[in-house]
Amino acid sequence: MLNDPCSHPTFMTIYDQLLRFPLFQGMSHADLTEVVGHTKFGFSKLAAGKRAVREGDVCNHLIFLTNGTLQSETHSDDRSCRVVEHLSAPYLIQPYHIFGLTQRFTSSFKTETACNFITIDKQEVLLLMETQLVFRLNLANIMATDTQRLRHHAWRSTPKSLRERIVRLFFSRCLYPAGQKTFFVLMQHIADELNDSRLDISRALNQMQQENLLTLYRGRIEIPSLERLLM
């Protein structure tokens, strides 16, 4: 039908893009049509090398990466360790910080390639939570799952070797548990974190380098595929 909003190419583009994100999965066609028709979305495109989010920015909207690749940068509190990750669309940037005690982004994000974003203001998020049950449940499930994972960390089995402790340290510092990572950190800092000697840390990391799991540089560790460390 010519007057059917679902036949409009812009509608179909937004419709299809939203269904790629867990927040909108499970919605009926009618509900998603209502969301697209009544929600104020923001649309933006950034060229490669542009800052999308800076650490400390107020998180007053949801940011959906719909196309392209981002580079995230996360610092330890004492700034002695920095982790750079590569994140591809579809990706929702730190949705956990739109509510709660600290409503600010804790990492910085810049574009590696040209990127497209959809944003939803916090007031629109609150309206969606009020009017769309599936959206409300999906958001609650995302936040509850993250909380459960964090609470479970303290009860995991103790690593049986220094290598396992190093791998767990790497995973604990990442936003996404897979893909290419770069750690800007000194071996002495890792030794202090794990209460071990720098020499033992060096031996373990060099063994992993010999197995082509990572590459060591002065003050930098390149990991091409984080998930391979578990194999």
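The values are calculated or read from the model by the stated rules, or taken from the named source; none is laboratory data. Worth saying up front: this structure is predicted, and the values here are computed from it rather than measured. Note: ideal-geometry Cβ built from the backbone for every residue, glycine included; neighbour counts use all protein chains shown. Quick note on the areas: whole protein, heavy atoms, side chains included, nothing else; ligands and nucleic acids left out. Shrake-Rupley method; radii C 1.70, N 1.55, O 1.52, S 1.80 Å.
At a glance:
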read-out	value
Candidates E112, E34, E73: whichever shows maximal mean-square fluctuation once the chain is modelled as a Gaussian network with Cα springs under 10 Å	E34
Per-residue [θ]222 nm for the chain (sum of -39500 (n - 2.57) over DSSP H runs n ≥ 4, rounded to 500)	-11000 deg cm²/dmol
Residue of P177, P95, P159 that the Gaussian network model of the chain assigns the largest fluctuation, springs spanning Cα pairs under 10 Å	P159
Accessible carbon and sulfur surface of the chain relative to its total accessible area, %, 1.4 Å	52 percent
Debye, to nearest 20: dipole size of the chain, +1 on Lys, Arg Cβ, -1 on Asp, Glu Cβ	680 debye
Helical segments meeting 24 Å axial Cα length and Kyte-Doolittle -0.5 threshold in the chain (DSSP H)	133-153
Equivalent ellipsoid semi-axes - Cα gyration tensor, the range 74-120, angstrom	21, 18, 7
Computed over the chain, Kirkwood Rh from alpha-carbon pairs, angstrom	19.9 Å
Compactness of the range 24-96 as Cα Rg over 2.2 N^0.38 Å, two decimals	1.39
For the range 87-97, 3J(HN,Hα) per residue [Karplus equation, 6.51 cos²θ - 1.76 cosθ + 1.60, θ = phi - 60°, Hz, x = Gly/Pro]	10, 10, 5, x, 8, 9, 7, 6, x, 5, 9
Solvent-accessible ranking of K110, K181, largest area first, probe 1.4 Å	K110, K181
Ratio of Rg to Rh over the range 71-149 (Cα coordinates, Kirkwood Rh, two decimals)	1.00
Rh by Kirkwood over Cα pairs, then Stokes-Einstein D for the range 14-59 at 1.306 mPa s and 10 °C, µm²/s	122 µm²/s
P(r) histogram, all alpha-carbon pairs of the range 108-214 included - 10 Å bins from 0, percent	10, 29, 27, 20, 12, 2
Gaussian network model of the chain, Cα within-10 Å springs - most flexible of I93, I118, I190	I190
